[in-house]
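Q: There's a structure below that I have some questions on.
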Amino acid sequence: MAIRNSLNGQFLRRSTVAGARFMSSSWFRSIEPAPKDPILGVTEAFLADQSPNKVNVGVGAYRDDNGKPVVLECVREAERRIAGGQFMEYLPIGGSIKMVEESLKLAYGENSDFIKDKRIAAVQALSGTGACRLFAAFQQRFHPNSRIYIPVPTWVNHHNIWRDAGVPMKTFRYYHPESKGLDFAGLMDDMKNAPDGSFFLLHACAHNPTGVDPSEEQWREISSMIKAKGHFPFLDMAYQGFASGDPERDVKAIRIFLEDGHLIGLAQSYAKNMGLYGQRVGCLSVLCEDEKQAVIVKSQLQLIARPMYSNPPLHGALIVSTVLGDPELKKLWLNEVKVMADRIIGMRTTLRENLEKRNSPLPWQHITNQIGMFCYSGLTPEQVDVMTNKFHIYMTRNGRISMAGLNTGNVGYVADAIHEVTKSS
């Protein structure tokens with residue numbers, strides 16, 4: 001009996017070990033590779049290309065006229081001031097109070113009554129992506145039966161953000177391929193036909209990827225339609241100051257919604273307009289009915305943020321609050337952001353002129369009609385493939401060109417390539 005029990009015990013131990021080995025080696029066997037990000041994959045392909053003529057107009061980051069990344073002088077000075085002068089303690093869940101205060105003034109106005117009346121629930125977020133993701137989770141938790149209406153096209157990550165938050169998505173018409181401008185009639189029709197009380201995602205300025213923005217009068221009509229239908233506008237503002245060179249001009253759409261009495265959600269990012277791409281610093285704000293409601297909403301935003309990332313990073317918030325909180329540094333920032341915007345606007349003009357000089361059979365005025373970092377060129381996916389395979393010019397297959405990737409040294413070559421692939425169109 002003792003021998004039999006001993007053998008049974010050895011068998012059970014061996015079976016358990018064998019089962020554990022099987023399970024440990026099979027936990028992840030069924031997982032398929034994730035598809036490559038369509039934007040980041042462009043950069044990977046560009047880096048692997050050995051051609052001396054290669055050009056990357058897919059990257060969504062500013063470059064100077066020598067094709068080099070830029071650190072703003074206001075940022076360098078802010079870093080000098082904060083170096084060694086701050087503890088590295090955790091920020092609160094809601095982030096830097098000073099950074100949030102400065103962000104609200106930048107978006108809602110220096111003397112905004114909404115700020116004075118404490119009607120805005122706001123937290124520091126992990127750049128614009130994090131602000132959108134936090135709001136998407138908030139929407140799903142408190143309006144679980146609602147949908148988010150997303151423009152066609154939009155920044156590709158918008159779909160990922162609301163999908164992963166479990167929010168059902170619908171789309172609305174935005175871009176008009178034939179005119180390479182705004183499909184305003186389609187947009188208004190889709191807003192009108194959406195169920196009352198829907199959520200609509202809007203780009204506050206410099207629409208990504210098209211560079212097509214509504215006019216001021218069109219924004220007023222959009223605001224009126226949203227109010228009539230009881231929709232909730234959520235505005236993603238990644239380019240304040242970077243679009244036109246004037247932060248006040250770029251925030252006009254938001255001010256129109258505020259004037260018309262909307263409650264709004266707003267995502268802000270300092271990646272582009274301060275060049276803080278890797279610092280991941282932004283702000284999420286929600287305008288509420290009163291101070292009491294704002295306190296409640298902020299508490300819920302913090303509750304959602306806690307298991308996501310506990311609290312946001314410190315360094316980028318210190319840079320932003322230092323720059324915006326100091327009159328001289330803010331003045332310097334305003335000058336520098338205008339320099340960046342003006343260079344991109346200049347590249348639009350230069351690219352269009354180069355194409356027209358080559359007697360292109362196509363009209364190219366949309367290049368200068370659009371605004372911001374990106375130009376929706378009108379190139380087809382097949383034409384983009386030729387641009388890449390024959391001319392070593394890299395961009396996303398929807399034809400989006402990052403104007404920041406152009407400079408006086410390569411814009412003629414890019415124009416030659418575009419003319420070559422489109423002259424028979």
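The values are calculated or read from the model by the stated rules, or taken from the named source; none is laboratory data. In this text, all values refer to a predicted model and were calculated from it rather than measured experimentally. Cβ: placed from backbone, ideal geometry, glycine included. Neighbour counts: every protein chain shown. The protein model used for the area step is the full one, side chains on, heavy atoms only, and it has no ligands, DNA or RNA in it. Shrake-Rupley method; radii C 1.70, N 1.55, O 1.52, S 1.80 Å.
Q: Only one of (1) in contact with a Leu (Cβ under 6 Å, 6 or more places away or on another chain); (2) buried (at least 20 other Cβ atoms within 10 Å of the Cβ) is not met by SER269, so which one is it?
A: Single failed check for SER269: (1).
Q: Here's a check for you: in the stretch 24-60, which residue that is more than 25 Å from the chain's Cα centre (by Cα) and within 15 Å of TYR394 (Cα to Cα) is surrounded by the most Cβ atoms within 10 Å (Cβ to Cβ)?
A: The selected residue is LYS54.
Q: Return the residues of the stretch 217-250 that are under 16 Å from MET274 (Cα atoms), of a type in the set (A, V, I, L, M, F, W, C) and not in a strand (DSSP E or B); say none if nothing qualifies.
A: ALA238, PHE242, ALA243
Q: Among the numbered conditions (1) more than 30 Å from ASN160 (Cβ to Cβ); (2) modelled with pLDDT of 90 or more; (3) of a type outside the set (Val, Ile, Thr); (4) open to solvent by less than 70 Å² (accessible area, probe 1.4 Å), tell me where ARG63 comes up short.
A: Result: ARG63 fails condition (1) only.
Q: Another question, then. Does LYS180 satisfy the criteria of being assigned by the TED database to the domain that holds ASN157 and out of contact with any helix residue (DSSP H, G or I) (no Cβ under 6 Å at 6 or more places or on another chain)?
A: No; evaluated as a whole, the condition is false for this residue.
Q: Since CYS375 meets every condition but one in (1) part of a strand (DSSP E or B); (2) closer than 25 Å to ALA83 by Cβ, which condition does it not meet?
A: CYS375 satisfies all of (1) part of a strand (DSSP E or B); (2) closer than 25 Å to ALA83 by Cβ except (2).
Q: For the structure I just gave you, tell me whether GLN293 is modelled with pLDDT of 95 or more and surrounded by fewer than 23 Cβ atoms within 10 Å (Cβ to Cβ).
A: Yes.
Q: Looking at the stretch 276-298, which of the residues that are touching a Gly at 6+ places or on another chain (Cβ under 7 Å) and among the hydrophobic types (A, V, I, L, M, F, W, C) is nearest to LEU258 (Cα to Cα)? Walk me through it before giving the result.
A: Just the residues of the stretch 276-298 that are touching a Gly at 6+ places or on another chain (Cβ under 7 Å), to begin with: 276, 279-282, 286, 298.
Filter once more, keeping what is among the hydrophobic types (A, V, I, L, M, F, W, C): 276, 281, 286.
Numbers: LEU276: 28, VAL281: 24, VAL286: 12 Å.
Here the residue is VAL286.
Q: Here is a further query. Which condition number does LEU126 fail, the rest of (1) open to solvent by less than 50 Å² (accessible area, probe 1.4 Å); (2) in contact (Cβ under 8 Å) with a residue 12 or more places away in the chain being met?
A: (1)
Q: Go through ARG163, ARG147, ARG173 for me and flag whichever is open to solvent by 60 Å² or more (accessible area, probe 1.4 Å) and in contact with a Leu (Cβ under 9 Å, 6 or more places away or on another chain).
A: None of the others qualify; the one that does is ARG173.
Q: Quick test for you: out of LYS272, LYS292, LYS298, pick the one residue that is in the same structural domain as ASP250 (by the TED database), charged (D, E, K, R) and within 21 Å of the chain's Cα centre (by Cα).
A: Every option except LYS272 fails the conditions.
Q: Going by the structure shown, is VAL59 of a type in the set (Val, Ile, Thr), part of a loop (DSSP other than H, G, I, E, B), under 30 Å from GLY245 (Cα atoms) and not assigned by the TED database to the domain that holds TYR270?
A: In short, yes.
Q: Go through the stretch 378-402 and count every residue that is free of Cβ contacts under 8 Å to residues at least 60 places away in the same chain and of a type in the set (A, V, I, L, M).
A: Of the residues in that region, 4 qualify.
Q: While we're here: Tell me which residues, restricted to the stretch 382-401, are open to solvent by 10 Å² or more (accessible area, probe 1.4 Å) and in a helix (DSSP H, G or I).
A: Once the filter is applied, which keeps residues that are open to solvent by 10 Å² or more (accessible area, probe 1.4 Å) and in a helix (DSSP H, G or I), the stretch 382-401 yields GLU382, GLN383, ASP385, VAL386, THR388, ASN389, LYS390, PHE391.
Q: Would you say VAL71 is open to solvent by 60 Å² or more (accessible area, probe 1.4 Å), among the β-branched types (Val, Ile, Thr) and either in contact with a strand residue (DSSP E or B) (Cβ under 7 Å, 6 or more places away or on another chain) or touching a residue at least 12 places away in the same chain (Cβ under 8 Å) (or both)? Can you show your working first?
A: Details: open to solvent by 60 Å² or more (accessible area, probe 1.4 Å): yes; among the β-branched types (Val, Ile, Thr): yes; either in contact with a strand residue (DSSP E or B) (Cβ under 7 Å, 6 or more places away or on another chain) or touching a residue at least 12 places away in the same chain (Cβ under 8 Å) (or both): yes.
Against the criterion (open to solvent by 60 Å² or more (accessible area, probe 1.4 Å), among the β-branched types (Val, Ile, Thr) and either in contact with a strand residue (DSSP E or B) (Cβ under 7 Å, 6 or more places away or on another chain) or touching a residue at least 12 places away in the same chain (Cβ under 8 Å) (or both)), VAL71 qualifies.
Q: Here's a follow-up. Restrict the check to the stretch 127-141 and report whether at least one residue is closer than 21 Å to GLN300 by Cβ and more than 21 Å from the chain's Cα centre (by Cα).
A: Yes, the stretch 127-141 contains a residue that is closer than 21 Å to GLN300 by Cβ and more than 21 Å from the chain's Cα centre (by Cα).
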